[in-house]
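Colleague: This is the structure I have questions about; it appears just below.
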Amino acid sequence: MLAVTHTVASAAIGAHVQSVPFAFGIAFLFHHLADTLLHWNIYTDRHRWPYAWIVLDVLGGLLLAYWLMPDQFVTAPVLAAIVGGNIPDIWHGGLDVLARLIPHRTQTFRSFYIPLHEKLQNETLSPAKGLVWQAILIVVAVLLL
C-alpha cells in the first residue's frame, strides 16, 4: 500500500487518540489491516526510478497530512501514529535495501516479522484496481479529520 495512504489514515488515528502509545499501536495494527485490502504499490523490480517514486510517495503523504491538519500535525499522538502506521514498511523496505547492498547476507537481514508482513499483502499489478481501496481509506480519513 502506498505510504500516502498509511500516513493520512494514521494521522486521522492520531487526531482521535490522545495517548501516544495507543496512537502508535492502533496505527501499527491498522497498517496490517489495510494491507489485507486489495492494493497497488510501487514495485522496485517493475517501475522506472522506483526509489524516486517512493520518496515522492512518502513526502507527499507527510505534506498532505500537514496540509489537512497543520495545527495537529506536530502533536505527539499524530506523529506517533504516523510512525506506527509506516514502521512496518520502513522496516521491510529498509531490510530489502540492506539485502540489495549486501546480497550474500540476504537471509541474515530477514526477521520473523517480514514473512508475516508479506503474507498479509493483497497486492495487484493493476493500478486501477489497486488504488480503489486506497482512495476510499484516504477519503474516510479526511472525513474523520
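Colleague: Could you identify the single residue in 116, 144, 101 that is touching a helix residue (DSSP H, G or I) at 6+ places or on another chain (Cβ under 6 Å), at pLDDT below 95 and open to solvent by 70 Å² or more (accessible area, probe 1.4 Å)?
Modeller: Every option except 144 fails the conditions.
Colleague: Taking the stated definitions as given, is residue 125 touching a residue at least 60 places away in the same chain (Cβ under 8 Å), more than 19 Å from residue 29 (Cβ to Cβ), out of contact with any helix residue (DSSP H, G or I) (no Cβ under 8 Å at 6 or more places or on another chain) and surrounded by fewer than 11 Cβ atoms within 10 Å (Cβ to Cβ)?
Modeller: Against the criterion (touching a residue at least 60 places away in the same chain (Cβ under 8 Å), more than 19 Å from residue 29 (Cβ to Cβ), out of contact with any helix residue (DSSP H, G or I) (no Cβ under 8 Å at 6 or more places or on another chain) and surrounded by fewer than 11 Cβ atoms within 10 Å (Cβ to Cβ)), residue 125 qualifies.
Colleague: So, one more: Could you check how many residues of the range 12-41 are over 17 Å from residue 136 (Cβ atoms) and open to solvent by 50 Å² or more (accessible area, probe 1.4 Å)?
Modeller: 9
Colleague: Conditions: (1) in a helix (DSSP H, G or I); (2) in contact (Cβ under 8 Å) with a residue 12 or more places away in the chain; (3) open to solvent by 80 Å² or more (accessible area, probe 1.4 Å); (4) of a type in the set (D, E, K, R). Residue 89 meets all but one. Number of the miss?
Modeller: Evaluating residue 89 over (1) in a helix (DSSP H, G or I); (2) in contact (Cβ under 8 Å) with a residue 12 or more places away in the chain; (3) open to solvent by 80 Å² or more (accessible area, probe 1.4 Å); (4) of a type in the set (D, E, K, R) leaves (3) as the failure.
Colleague: Considering only the range 20-42, how many residues are free of Cβ contacts under 8 Å to residues at least 12 places away in the same chain and either in a loop (DSSP other than H, G, I, E, B) or within 16 Å of residue 91 (Cα to Cα) (or both)?
Modeller: Qualifying residue count for the region: 1.
Colleague: To continue, here is another question. Looking at the structure I just gave you, is residue 9 in a helix (DSSP H, G or I), touching a residue at least 60 places away in the same chain (Cβ under 8 Å) and either surrounded by 15 or more Cβ atoms within 10 Å (Cβ to Cβ) or among the polar types (S, T, N, Q) (or both)?
Modeller: yes
Colleague: Looking at 132, 139, which is the one that is open to solvent by 60 Å² or more (accessible area, probe 1.4 Å), without any contact (Cβ under 8 Å) to a residue 40 or more places away in the chain, more than 20 Å from residue 45 (Cα to Cα) and of a type outside the set (Ser, Thr, Tyr)?
Modeller: 139
Colleague: Still on this structure: Of all residues in the range 42-81 being surrounded by fewer than 16 Cβ atoms within 10 Å (Cβ to Cβ) and acidic (Asp, Glu), which is modelled with the highest pLDDT?
Modeller: Once the filter is applied, the top-ranked residue is 71.
The values are calculated or read from the model by the stated rules, or taken from the named source; none is laboratory data. None of these values were measured; they are calculated from a predicted model. Here the Cβ is made from the backbone with ideal geometry for all residues, glycine too, and neighbour counts use every protein chain on show. Heavy atoms of the whole protein, side chains included, go into the accessibility calculation; ligands, DNA and RNA do not. Shrake-Rupley method; radii C 1.70, N 1.55, O 1.52, S 1.80 Å.
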